[in-house]
Amino acid sequence: MSASLTDDLLNQLQGQPLAQIGSQLGLSESQTQGAVSQALPLLLGALGRNASQPEGAQALFGALQRDHADAGGGAAGLDLGGVLGAVLGGGGGRQTDGAGILGHIFGGREDTAAQGLGQSTGLGGGQANTLLKILAPIVLSYLAQRMFSGGNQAAANPQQLGDALGQEHQRIQQQGGAGGLLGAVLDQDGDGQLGLGDLLKIGGNLLGGKR
């Protein structure tokens, strides 16, 4: 997991997935690319901050391990089409999951995150919030696929997940715009904990599973 998680997932979203997201939000191709490229580090960076604590890494690992089968793809890779289809056309249930996931990722600061992203991308808070709701299940499905696909499952453990997300958090912090936005959101919380331990309370719907 030495490669940038943000860059890897952004590459996987190129083409039809980005076009679907842009269509949902009414954005051009370039607007969608720019917005997603800033939203992904915000989500992954916040997860990395949480997973820097052993209990946070354990909570996220357990949730991904329990729900990874719902991410689709398996050893063949992340089923972005399936995840996006459920998010965008799942009758509203998956969108609710996205909102719930955001609440746990940002520890109740999801509105602050959406406002910051909206300002930095020019989307405005409403569209930015919708984008984050769409991307949140995708990010978790991606992490599950990275951790548990193919021969990785037997060797996967919370420390491995925490290390990978911690490295990603450090990379993002060193970046200009994305790192500044992440810091502004995280610094709203004085204790440095964003509530990732509550991920376990989401249950089987963490990744939008039909449970």
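Going by the alpha-carbon gyration tensor, a ≥ b ≥ c the square roots of its eigenvalues, is the stretch 110-172 rounded (a/c under 1.5) or, if a/c is not under 1.5, prolate (a/b greater than b/c) versus oblate?
Taking the square roots of the gyration eigenvalues as a ≥ b ≥ c, the stretch 110-172 is prolate.
Taking R0 as 30 Å, what FRET efficiency do you get between Gln160 and Gln14 from their Cβ-Cβ distance, rounded to the nearest 0.05?
Efficiency, rounded to the nearest 0.05: 0.65.
Is the shape of the stretch 1-45 rounded, prolate or oblate, going by the alpha carbon gyration tensor and its root eigenvalues a ≥ b ≥ c, with a/c under 1.5 for rounded and a/b larger than b/c for prolate? Display every interim value, and only then the final one.
Values: a/c = 2.81, a/b = 1.81, b/c = 1.55.
Here the stretch 1-45 falls in the prolate category.
Give the carbon-plus-sulfur fraction of the accessible surface of the stretch 104-159 in %, rounded to a whole number; probe 1.4 Å, heavy atoms of protein chains only.
Answer for the stretch 104-159 is 38 percent, counting heavy atoms of protein chains only.
Once you place label points 7 Å from the Cα toward the Cβ at Gln174 and Asp111, how far apart are they in nm?
In this crude label model, Gln174 to Asp111 measures out at 3.6 nm.
The values are calculated or read from the model by the stated rules, or taken from the named source; none is laboratory data. If you're wondering where the values come from, they're calculated on a predicted model, not measured in any experiment. Because the Cβ atoms are built from the backbone with ideal geometry, glycine has one as well, and the counts that use them run over all protein chains shown. Ligands, DNA and RNA are excluded from the accessible area calculation, which covers all protein heavy atoms including side chains. Shrake-Rupley method; radii C 1.70, N 1.55, O 1.52, S 1.80 Å.
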